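Data block below; observations after.
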């Protein structure tokens, strides 16, 4: 089992590396492994509006706000609407007026997804 997991060892400084470059790691077979470069710096903040940046504390608040909304409101509503959608969708095949009801239940079942996306982006509930 240990043969399949790569063992990364940092290259010594004598391997022709200049200071300020990305360190090269080697796997268990001594093949170079370059870490993927991130396009976004870790010091940038998430933008909440056009040309508006918020503080990390505000982002943390909105993240936990959307987490609470997702856990206590969106997931229970999503689960109930999914069950009703599964039960009522066969009826909408031959009664066309049920199609609007099943479409609404399907949109409600996507409520946890919207909360999770807002949580990841630290999106505020209302923009001032």
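What follows is calculated from the coordinates using simple rules that are stated; it is not laboratory data. Predicted model only: the values in this text are computed from it and were never measured. Glycine gets a Cβ as well: all are built from the backbone with ideal geometry, and neighbour counts include every protein chain shown.
What the table shows:
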{"quantity": "Nearest-0.05 FRET efficiency for residue 28 and residue 79, computed from C-beta distance (R0 35 Å)", "calculated": "0.20"}
{"quantity": "Rounded if a/c under 1.5, otherwise prolate or oblate - the range 54-121, Cα gyration tensor axes", "calculated": "prolate"}
